[in-house]
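Okay, structure first, notes after.
What follows is calculated from the coordinates using simple rules that are stated; it is not laboratory data. Please read all numbers here as calculations on a predicted model, not as lab measurements. Cβ sites come from the backbone with ideal geometry, for glycine too, and all protein chains shown count toward neighbours.
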Amino acid sequence: MANVGTPLVELKDISISFGGIKAVDRVSVDLYPGEVVGLLGHNGAGKSTLIKCLSGAYTADSGEVFINGEKVIINNPRDARDQNIETIYQTLALADNLDAASNLFLGRELVTKSGFLDESKMEAETRKIMARLNPNFQKFDVPVSALSGGQRQSVAIARAVYFDAKILIMDEPTAALGPQETEMVAELIQELKNQGLGIFLIEHDIHHVMNLCDRASVMKNGLLVGTERVEDVTEDDILSMIILGKNPKRAK
Amino acid sequence: MNDTTSSKNADDSSKSIISRFITATEIDPRLLGMLGALALIWFGFHFYGVIFNDFGAFLTPRNLWNLSVQTSSIGIMATGMVLVIVTRNIDLSVGSMIGVIAMAMGLLQVEVLPQFVGIGHWSISIIAVIVGLIFGTLIGAIHGWLIAYREIPAFIVTLGGLMVWRGMAFLSGGGRTISPVDPSFALLGGGPYGAVGASVSWVIGGLACFGVGYIIYSGRQSRIKHDFHLRPMWAEMMLTAVGWASIIGAVILVNSYPWPKGIVRQYGAKVGQDLEGTFISHGFAVPVLILVAVGIGMTILMTRTRFGRYVFAIGGNPEAAALAGIDTKWVTMKVFALMGMLTAIASVIASARLNSATNALGILDELYVIAAAVIGGTSLAGGIGKIYGAILGALVMQSLQSGMVLIGFDSAIQRIVVGVVLVLAVYLDIVYNKRVKK
């Protein structure tokens with residue numbers, strides 16, 4: 001599969017620093033429809049920070065974001081949502097005191113004609129999407145604090161999937177999951193990919209990266225080490241990019 | 001398969017009647033706990049009076065009517081304090097705000113407006129209330145702006161407010177008491193003239209019964225529509241019956257408290273009839289109706305609107321709320337502005353009831369308001385709180401206080417008891433939460 005035409009997302013020369021430390025330094029990555037791009041690197045390499053510039057949690061100091069070839073300005077999470085960018089954060093970003101439906105629709109509540117919350121509609125919709133993503137999920141009327149790690153994860157995923165995302169950002173989506181749930185997430189990623197979504201996947205597990213991703217971009221100390229098609233490299237190549245900060249093949 | 005069903009059934013029947021009742025009616029067990037505590041306080045004080053003073057003064061129409069009026073001002077502010085505490089903030093300034101808003105409204109009615117429209121003009125009370133509401137909202141908005149946009153902790157901003165507004169209250173009137181307020185303004189504080197009378201009370205009671213019936217019916221319809229779990233029919237019937245009985249009971253209660261003889265005579269002289277010995281009912285007091293309206297309005301705001309949902313979300317996880325695209329700063333500022341407006345309403349009631357504005361009005365109210373919200377189940381950790389809980393909390397606090405006055409405890413002991421009850425209530429809540437989690 002060759003990536004031709006206009007990329008779905010293009011992050012160009014993104015830089016952001018916190019208190020004089022360059023967390024992300026002139027990094028450029030891109031993403032095509034129906035593609036999964038893995039973002040790899042040590043803790044503190046700047047992966048999450050880079051991706052937060054796309055999801056609107058941070059505003060980049062410099063650099064440009066293009067969606068479908070058009071330059072866009074993303075200053076807050078709302079701007080990102082307007083571009084159909086959905087994010088599943090590592091922390092899940094759930095309000096623990098609210099139930100699944102309230103979390104799923106947080107910030108985008110369904111309302112009746114008179115402007116009041118349409119609770120039953122929201123719960124019904126939540127039941128529908130959860131039936132698809134996690135058929136075992138039954139706890140609709142309790143705060144999400146009472147749910148297991150995997151159930152919480154499926155609420156966070158449901159939130160991203162429900163609103164017809166075109167661009168999905170997943171920050172270590174399987175970190176808190178057991179093997180079976182991890183398998184479910186892998187299947188979901190495959191399914192969404194086939195629907196033509198572009199997915200940025202932040203992942204530590206090299207195995208997952210090799211299995212799920214089409215390309216991998218490796219970062220170290222805020223800099224982009226390189227982007228490789230996973231077919232062209234071995235796990236060891238990727239590991240040395242992460243650890244040594246250089247691509248052994250290119251170095252030859 | 002068979003095994004699981006039968007064991008499930010066995011499980012169900014082994015549960016106590018009370019827990020099955022709670023499951024079926026979906027009543028918050030906390031609400032039952034609070035009503036139980038209230039009943040204990042009411043009957044306790046009454047029978048203490050019966051046994052030691054030969055007269056039970058607590059469970060009389062007169063005392064309960066007064067209790068309802070005394071609860072109004074704290075209760076109204078407590079509904080706002082729920083939002084403040086749910087968003088992980090605190091407001092220590094409401095007592096002082098009561099003072100400064102009352103002074104502003106008092107000076108306006110007594111010294112400013114009469115110069116322009118003449119003493120006793122109909123517009124005086126309306127202008128005073130509107131100006132008071134705007135003033136209160138503005139003070140709250142200033143607090144909210146400092147807290148949300150300047151990121152000064154709410155504790156500090158409102159502690160500053162506590163001192164600043166009390167000082168302003170003193171300066172604005174030069175330490176004087178401004179009295180008497182406009183006669184129609186005074187009606188907002190209750191008293192025989194500030195109550196709606198027997199027939200209007202029945203009309204209000206009828207509307208309330210209709211409202212209860214409608215809520216239960218439409219709730220069931222909506223569950224049927226979406227195919228959700230339904231409450232058993234007997235539970236729906238029982239909730240309706242209990243709702244109607246309490247409303248009718250309240251109407252009968254307020255209607256069986258007659259005007260005092262002196263007021264009847266005075267009123268008779270005014271309308272030119274001999275009303276000597278006539279039984280004129282108080283009916284619901286105006287401040288109580290304001291409290292009920294505020295309580296309903298705030299409940300709708302908190303449970304049926306986006307704003308309320310965002311308030312809870314911010315309290316549960318401020319970061320998640322921001323990532324969900326919620327403008328958390330703007331919501332926080334609105335919460336404090338709303339607190340200011342509710343404080344202004346409480347200030348209207350408090351100064352109208354006193355028929356005067358003094359710079360000492362509302363001293364220590366902030367503590368009673370916070371205590372009412374916390375006793376009513378609002379968690380200081382944020383994210384959890386109920387409007388009706390806060391109002392019931394205010395009623396519990398006020399019941400304790402007036403009960404102790406009735407049986408002749410002096411104010412030092414009153415404070416000790418209220419303090420102990422506050423700590424005990426929060427402790428019981430913690431114990432309850434731990435049990436539920438297990």
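Which cross-chain or sequence-distant (5 or more) residues have an amide H under 5 Å from the amide H of A:I88, H modelled 1.01 Å from N in plane?
Residues meeting the amide H criterion: A:I169, A:M170, A:D171.
For every other residue with a beta carbon closer than 11 angstrom to the beta carbon of A:L224, add +1 if it is Lys or Arg and -1 if Asp or Glu, then tell me the sum.
Working: positive: A:R26, A:K47, A:K220; negative: A:D13, A:D25.
Net of charged neighbours comes to +1.
Need one number: nm distance between label points at B:S179 and A:I21, each 7 Å from Cα along Cα→Cβ, rounded to one decimal.
6.5
Among A:S17, A:N134, B:G249, which residue has its Cα furthest toward the positive end of the charge dipole of the protein assembly as shown, with +1 on Lys/Arg Cβ and -1 on Asp/Glu Cβ?
Farthest along the dipole direction, towards plus: B:G249.
Let me know the charge dipole size of chain B about its Cα centre in debye, to the nearest 20, where only the beta-carbon of Lys, Arg (+1) and Asp, Glu (-1) is charged.
Dipole magnitude for chain B comes out near 600 debye.
Per residue of the range B:204-211, in order, report the coupling 6.51 cos²θ - 1.76 cosθ + 1.60 (Karplus, θ = phi - 60°) as ³J(HN,Hα) in whole Hz, putting x for Gly and Pro.
4, x, x, 4, 5, 4, 4, x
For A:M219, which sequence-distant residues (separation of 5 or more, or a different chain) have an amide H within less than 5 Å of its own amide H, given hydrogens modelled in the peptide plane?
A:L40, A:G41, A:V225
Pick from B:G249, B:G403, B:G393: which residue has the top mean-square fluctuation in a GNM of chain B where Cα pairs under 10 Å get a spring?
Judging by the Gaussian network model, the answer is B:G249.
Return the whole-Å distance between the Cα centroid of the range B:143-202 and the Cα centroid of the range A:41-73.
The distance from the Cα centre of the range B:143-202 to that of the range A:41-73 comes to 49 Å.
Placing unit charges on C-beta atoms (Lys and Arg positive, Asp and Glu negative, everything else neutral), compute the dipole magnitude of the range B:196-284 about its Cα centre in debye, rounded to 20.
On the way: 7 positive and 4 negative charges, 37 e Å.
The calculation lands at about 180 debye.
Averaged across B:320-331, how many Cβ atoms of other chains sit within 10 Å of each residue's Cβ atom?
So the per-residue partner count for this stretch is 6.
Go through the range B:257-345 and name the chymotrypsin sites (Phe, Trp or Tyr not before Pro) that are in a DSSP coil and have 12 or fewer other Cβ atoms within 10 Å of their Cβ.
Loop-located and lightly packed - B:F279.
Can you tally the net charge around A:G196? Count Lys and Arg as +1, Asp and Glu as -1, for every other residue whose Cβ sits under 13 Å from the Cβ of A:G196. Don't skip to the answer; put the middle values down first.
Working: positive: A:K166, A:K193; negative: A:E35, A:D164, A:E191.
Taking every other residue near A:G196 into account, the sum is -1.
Based on the Cβ-Cβ distance of B:D327 and B:R435, what FRET efficiency does E = 1/(1 + (r/R0)^6) give at R0 = 30 Å, to the nearest 0.05?
0.20
How high is the relative contact order of chain A? Use alpha-carbon pairs under 8 Å, at least six apart in sequence, and give a whole percent.
Across chain A, relative contact order equals 26 percent.
List the residues whose amide H sits under 5 Å from the amide H of B:L92, counting only those 5 or more places along or on another chain, with H placed 1.01 Å from N in the peptide plane.
B:T158, B:L159
Given only helices, namely DSSP H runs of n ≥ 4 each adding -39500 (n - 2.57), what is the per-residue ellipticity at 222 nm of chain A, to the nearest 500 deg cm²/dmol?
Values: 9 runs with 86 residues, N = 252.
Computed ellipticity for chain A at 222 nm equals -10000 deg cm²/dmol.
Return the Rg/Rh ratio of the protein assembly as shown with Cα-based radii and a Kirkwood Rh.
Ratio value, two decimals: 1.06.
Peptides A:201-214, B:60-73: what's the order by average Cβ count within 10 Å, highest mean first?
Numbers: A:201-214: 18.4, B:60-73: 21.0.
With the highest mean Cβ count within 10 Å placed first, the list reads B:60-73, A:201-214.
Considering only A:T112, A:G56, A:F163, whose Cα is most displaced toward the positive end of the charge dipole of chain A, charges sitting on Cβ of Lys, Arg (+1) and Asp, Glu (-1)?
Looking along the dipole axis, the top candidate is A:G56.
Figure the gain on full extension for B:Y217 and B:S199 (residue separation times 0.36 nm, minus the Cα-Cα span) and round it to one decimal in nm.
Full extension from B:Y217 to B:S199 adds 3.8 nm.
Can you figure out the FRET efficiency of B:A360 with B:V423, using R₀ = 41 Å and their beta-carbon distance, to the nearest 0.05?
In this case the efficiency is close to 0.90.
Which aspartates and glutamates, on any chain, are close to A:K71 with Cα under 17 Å apart, when same-chain ones fewer than 8 places away are left out?
Partners within reach: A:E10, A:D13, A:D30, A:D61, A:D79, A:D82.
Residue separation times 0.36 nm, minus the C-alpha to C-alpha distance between A:V111 and A:N211: what's the value?
31.9 nm
Can you work out ³J(HN,Hα) from phi for every residue in the range B:61-78, in order, using Karplus 6.51 cos²θ - 1.76 cosθ + 1.60 and θ = phi - 60°, giving whole Hz and x for Gly and Pro?
Calculated HN-Hα couplings, in order: x, 4, 5, 5, 5, 4, 4, 5, 5, 5, 6, 3, 5, 5, x, 4, 5, 4 Hz.
Return a whole-number percent for the relative contact order of the range B:243-379, with Cα pairs under 8 Å and 6 or more residues apart as the contact set.
About 13 percent, as a whole number.
Run the paramagnetic zone check for A:T6: 7 angstrom along Cα to Cβ, then residues of the range A:173-198 with backbone nitrogen under 17 Å.
A:197-198
What aspartates and glutamates could a cross-link reach from B:K261, if we take a straight Cα to Cα line under 20 Å and drop same-chain neighbours fewer than 8 places away?
B:D274, B:E276
What are the ³J(HN,Hα) values, in whole Hz, obtained from phi via the Karplus relation 6.51 cos²θ - 1.76 cosθ + 1.60 with θ = phi - 60°, for each residue of the range B:144-153 in sequence order, with x given for Gly and Pro?
Residue by residue, the range B:144-153 yields x, 5, 4, 6, 7, 9, 9, 6, 7, x Hz.
Which entries of A:K52/A:K139; A:K128/B:K225; A:K52/B:K329; A:K166/A:K220; A:K113/B:K329; A:K47/A:K246 show an alpha-carbon separation above 23 angstrom in the structure shown?
A:K52/A:K139; A:K166/A:K220; A:K113/B:K329
Could you tell me which of B:N53, B:I85, B:I216 has its Cα farthest along the dipole of chain B towards the positive end, charges placed at Cβ (Lys, Arg +1; Asp, Glu -1), taken about the Cα centre?
Working it through, the farthest residue towards the positive pole turns out to be B:I216.
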